[in-house]
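The values are calculated or read from the model by the stated rules, or taken from the named source; none is laboratory data. From a predicted model like this one, the values you see are computed outputs, not experimental measurements. Every residue, glycine among them, receives a Cβ derived from its backbone with ideal geometry; neighbour counts consider all protein chains shown.
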Amino acid sequence: MADVEELVTALRPLLRGEEFRLSVALLESRITENEAEKQRTVLADTIITIVKQAVEIEHTRRYGHVPGGGMAIVALGKAGSREMMPRSDLDLLMVFDHPEDVQASEVPQADTKAERPLFSAPRSVGVAQYYTRLAHAFIAALTAPGPEGPLYAVDMRLRPSGAAGPVAVSRPAFLRYHTESAWTWECMALTRARIVAAPAELKHALRQDLDTILDGRLRAEPASRATLLKDASAMRARLARDLPASSVWDVKRRLGGLIDVEFIAQIYQLIGANSAVRDVSTRLALGRLEKAGLLSAEDTQFLKQAELFWRQLQAVLRLLCGATPPVDLERDLAPASLNVLLKAMKLETLPDLIEKANILARDVHAVFARLVGPVE
C-alpha cells in the first residue's frame, strides 16, 4: 500500500469528484436526498477504513504493535446516522482496547548483522501513548490540506470529557465514563454511534458496551423517564440560548427545526431502554419507537415528514450557499439559484417556501413541547 501522504493525495480528487456528481444528481432530482446521504456516507466509511489501514501500517513501522490490541473508529452525528450532508464534518471518537497484561507495544528484535535500515528502528511506547499517537496520525491524514482541500474536517468534541479528554480513550474508560459520569445529552448522542472501522472482536465488544450504556440510562439512579425528558428540554433551551439560529434558514438550530426532531427520537430511544427501539437513523428510529408504542402513529408520520423536509432544505441550501446558512435568500441567491431551490423543494414561490417552513417549525416545536417539555 502507498504511504499515507500519497494515498491521501490520490483520494482527495476522487472524493471531490464523487461529491460533485452527487450534488448535480440531487439538484437535477435524479436521486433523492436519502439516496445522496447514503452514498456520501458509504464514501466516508470507505475513506475512513482505507486511511486507517494505511496509518496503522506506518504507525507499526515506528512503534511496533500492541499484542491483542486494536482501535475502533466510531462515527457520531450525521456520519453515524448515515445522513451526511454536502461537505459534512466527521464527528468521531476513537476507542482502543488491549489485554490487561500488555502495557507497551512490542517491536521486532533488532538484527545486528543486517544492513542499516532505510527507516529508524521501531521503538516501544506505552499502550495509551501508542493509541493516542495513532489517533493523532489518523486525524492528521483526514484533515491534511491540499489543492482540493482536506478529505474531511473532523470534530472530536463528542468524545468523553469533550475537548478536555484524551483523543483516544480505552474501552474500560469509555464504558465507565458513560455509565457513571456522562450527561444525558451525551448518551443521546450515542444513539447515533456507529462503529465504522475496528477489529472484529473489538467491534463486537464495543457494540455490547454501547447497548449497556443506552439500555441502562433509564435505570440509572436517579434517572427516570421524567428526569430524562427534563434533561432533554433543558439542553434544547441551552442550545437555543447559547447557539441560537442565525436566521430562519438555519434549519438545524431554529426552534422546530432538525434538532427538535432529533432530540425527540434520541430521548425516547433512551426511555425505551431496548435495542429493539434504536436505530442510528432518525427516520428509522421514529418508526421503531412507533412500533414499540412509545410514539403515536400520527406523531411519527408528522415527524418523519418534517425531518425529511428539513434535511432536503438543508442539503440544497448547503449546495447553493455553502456551510453557513443564508440570512436573506432573495439577497444572497441569484434568481437562477433560487429557482433551483424552489424546484428541489417542489414549491412555486419563495413566499410559499417561507410559509411552509414557518408553519412546520411552529408545529414541530409544539410536538416537542408536548412530548419532551417546554423550552424555557
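Residues in segment 322-339 that are among the acidic types (Asp, Glu) and under 31 Å from the mean Cα position of the chain (by Cα) were compared, and the one that is surrounded by the fewest Cβ atoms within 10 Å (Cβ to Cβ) is ASP328.
Does segment 198-209 include one or more residues that are in contact with a Ser or Thr (Cβ under 8 Å, 6 or more places away or on another chain) and either farther than 23 Å from SER81 by Cβ or not polar (S, T, N, Q) (or both)? No, because not a single residue in segment 198-209 is in contact with a Ser or Thr (Cβ under 8 Å, 6 or more places away or on another chain) and either farther than 23 Å from SER81 by Cβ or not polar (S, T, N, Q) (or both).
Quick check: is even one residue across segment 161-176 among the hydrophobic types (A, V, I, L, M, F, W, C), closer than 16 Å to VAL55 by Cβ, assigned to a loop (DSSP other than H, G, I, E, B) and at pLDDT 90 or above?
As a first pass, look at segment 161-176 and keep what is among the hydrophobic types (A, V, I, L, M, F, W, C): 163-164, 167-169, 173-175.
Applying the additional criterion that residues be closer than 16 Å to VAL55 by Cβ yields 167-168.
So of that shortlist, the ones also assigned to a loop (DSSP other than H, G, I, E, B) come out as 167.
Next, only the ones that are at pLDDT 90 or above stay: 167.
Checked against the condition, which is being among the hydrophobic types (A, V, I, L, M, F, W, C), closer than 16 Å to VAL55 by Cβ, assigned to a loop (DSSP other than H, G, I, E, B) and at pLDDT 90 or above, segment 161-176 yields at least one hit.
So, in segment 235-283, of the ones that are touching a Ser or Thr at 6+ places or on another chain (Cβ under 8 Å) and among the small types (Gly, Ala, Ser), which residue ends up nearest to GLN314 (Cα to Cα)? Per the criteria, the residue is SER246. Looking across segment 28-42 at every residue that is among the aliphatic types (A, V, I, L, M) and surrounded by fewer than 19 Cβ atoms within 10 Å (Cβ to Cβ), the one that is modelled with the lowest pLDDT is identified as ILE31. Restricting to segment 180-234, give me the number of residues that are at pLDDT below 90, crowded, with 21+ Cβ neighbours inside 10 Å and hydroxyl-bearing (Ser, Thr, Tyr). Selection size over segment 180-234: 0. Residues in segment 6-26: is at least one without any contact (Cβ under 8 Å) to a residue 60 or more places away in the chain, surrounded by fewer than 18 Cβ atoms within 10 Å (Cβ to Cβ), assigned by TED's automatic domain parsing to the domain that holds VAL154 and not in a helix (DSSP H, G or I)? So far as segment 6-26 goes, no, none of its residues is without any contact (Cβ under 8 Å) to a residue 60 or more places away in the chain, surrounded by fewer than 18 Cβ atoms within 10 Å (Cβ to Cβ), assigned by TED's automatic domain parsing to the domain that holds VAL154 and not in a helix (DSSP H, G or I).
Of all residues in segment 175-199, count the ones that are of a type in the set (A, V, I, L, M, F, W, C) and more than 20 Å from LEU90 (Cα to Cα). Total meeting the criteria: 3. The condition of being over 30 Å from VAL316 (Cβ atoms) and polar (S, T, N, Q) holds for only one of THR191, THR184, that being THR184. Close Cβ contacts (under 9 Å, 6 or more residues apart or on different chains) running from residues in segment 341-357 that are under 12 Å from LEU329 (Cα atoms) to residues that are modelled with pLDDT of 95 or more and among the charged types (D, E, K, R) comprise LEU342/ASP352.
Would you mind telling me which numbered condition in (1) within 27 Å of ASP89 (Cβ to Cβ); (2) at pLDDT below 95; (3) hydrophobic (A, V, I, L, M, F, W, C); (4) part of a helix (DSSP H, G or I) VAL327 fails? Going through (1) within 27 Å of ASP89 (Cβ to Cβ); (2) at pLDDT below 95; (3) hydrophobic (A, V, I, L, M, F, W, C); (4) part of a helix (DSSP H, G or I) one by one, VAL327 breaks only (4). Screening the candidates LEU317, LEU342, LEU353 for the property of being in the same structural domain as LEU255 (by TED's automatic domain parsing), assigned to a helix (DSSP H, G or I) and buried (at least 20 other Cβ atoms within 10 Å of the Cβ) yields one hit, LEU317.
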